[in-house]
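Shown next, in structure tokens, is the structure this report addresses.
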Amino acid sequence: HPAVYIMLLPAMGMVSDMMACMCRKPIFGYKPMVYSMAAIAGLGFIVWGHHMFTSGMNPALGMTFMTSTMMIALPSAIKTFNWLGTIWGGRVRFNAVMLNCAGFVSMFVVGGLSGIFMAAVPVDIYFHDTYFIVAHFHYVLFGATLFGVFGAIIFWFPKMFGRMMNESVAKWHFALTFFGMNGTFFPMHMLGIAGMPRRYADPYLHPYLEHLLPMNQLMTCSAILMGCAQFLLLGNFLYSIFYGEKCGRNPWQANGLEWTAPSPPGHGNFDVAPVCYRGPYEYSSPEAEALDQDYILQTTPPVAGIKTTAEHH
């Protein structure tokens, strides 16, 4: 089971970084966010037993895994609360990067809520090996992780190639992927509740499932839409490498150290060895406001008369 979280954790980190930039404010609850990520990584090693509730395991062991699985919802809820707290009161830039971050959070919430049902042994016995499991897994792993990756591609593309991706095409890609993804996997919750098993070559050989055919047809059309939408991302990526709008070192007005390097970076990344005076999330800080802007790079020398939020390294 840690394999699931090892794919999700990088997306969590990237979304936290991008969301702070696009909301123009520091990460809400930075330390709880970091501790929650560590807790998820640790608890991921002791929840695997929830896949085996129907295998005839000792009931006491089943209770143990049920408890550990429900415990992992706590750090996940903390992270979700912190993401929402970061958005609250921020000067949000509703560009393609932020839309993908919002898509990540929404997919993670839906997948997490469905996971609470399956953590309970009595409920999981009914849902086990049905389409409800498929819906949960794809919302958390596919939906959440990929939206984080899509946002990261757009966000760090200028640093890699010195050009911007087309914003309109990126928004269309998000919209089609978002609706296609929900149209494909959300109906699976209802199929699972109706008792439709997964891994059947033709489930409609069973008369009690015949009335579910229209829902499967909707899922098929949505999956085709979602798959075709990825050609927009691929085309946007390849076109922008050669013909995208040229940009400077810091097109997003971000604080991170990488945005002080040339775009694209040369040998050794930085022109000179950087000196850091503060952390990477000091958006809308007193120092930044003193410079009449809402961001301040880590390498900017301290503003006279204003104390920095991090010690000089």
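The values are calculated or read from the model by the stated rules, or taken from the named source; none is laboratory data. Keep in mind that this is a model prediction, so the values were computed, not measured. Neighbour counts run over all protein chains shown; Cβ positions are idealised from the backbone, glycine included.
Just one residue in the set Tyr131, Tyr126, Tyr139 is aromatic (Phe, Trp, Tyr) and touching a strand residue (DSSP E or B) at 6+ places or on another chain (Cβ under 9 Å); that residue is Tyr131.
Summed over the range 254-268, residues that are closer than 21 Å to Gly13 by Cβ and either in contact with a helix residue (DSSP H, G or I) (Cβ under 8 Å, 6 or more places away or on another chain) or not assigned by TED's automatic domain parsing to the domain that holds Glu289 (or both) total 7. All conditions in (1) within 17 Å of Met190 (Cα to Cα); (2) surrounded by 21 or more Cβ atoms within 10 Å (Cβ to Cβ); (3) of a type in the set (Val, Ile, Thr) hold for Thr177, with the sole exception of (1). For the range 51-74, filtered to residues that are of a type in the set (Gly, Ala, Ser) and not in a helix (DSSP H, G or I), the residue that is nearest to Ser114 (Cα to Cα) is Ser55. Residues that are in contact (Cβ under 8 Å) with a residue 60 or more places away in the chain and under 28 Å from Pro280 (Cα atoms) do occur in the range 171-190.
Residues considered: Ile27, Ile40, Ile6, Ile46. Of these, the only one that is aliphatic (A, V, I, L, M), assigned by TED's automatic domain parsing to the domain that holds Gly151 and within 17 Å of Glu282 (Cα to Cα) is Ile27.
Residues in the range 190-241 that are farther than 26 Å from Phe161 by Cβ, within 27 Å of the chain's Cα centre (by Cα), surrounded by fewer than 16 Cβ atoms within 10 Å (Cβ to Cβ) and of a type in the set (S, T, N, Q): Thr220 alone. Among the residues of the range 211-231, write down those that are in contact with a Pro (Cβ under 9 Å, 6 or more places away or on another chain) and free of Cβ contacts under 8 Å to residues at least 40 places away in the same chain. Of everything in the range 211-231, those that are in contact with a Pro (Cβ under 9 Å, 6 or more places away or on another chain) and free of Cβ contacts under 8 Å to residues at least 40 places away in the same chain turn out to be Leu212, Met215, Asn216, Leu218, Met219. The residue pairs whose first member lies in the range 1-27 and is without any contact (Cβ under 8 Å) to a residue 24 or more places away in the chain, whose second member is not in a helix (DSSP H, G or I), and whose beta carbons are closer than 9 Å, counting only pairs six or more residues apart or on different chains, do not exist in this structure. Please determine whether any residue of the range 100-122 is outside any helix (DSSP H, G or I), crowded, with 18+ Cβ neighbours inside 10 Å, touching a residue at least 24 places away in the same chain (Cβ under 8 Å) and in the same structural domain as Leu209 (by TED's automatic domain parsing). No, every residue in the range 100-122 fails to be outside any helix (DSSP H, G or I), crowded, with 18+ Cβ neighbours inside 10 Å, touching a residue at least 24 places away in the same chain (Cβ under 8 Å) and in the same structural domain as Leu209 (by TED's automatic domain parsing).
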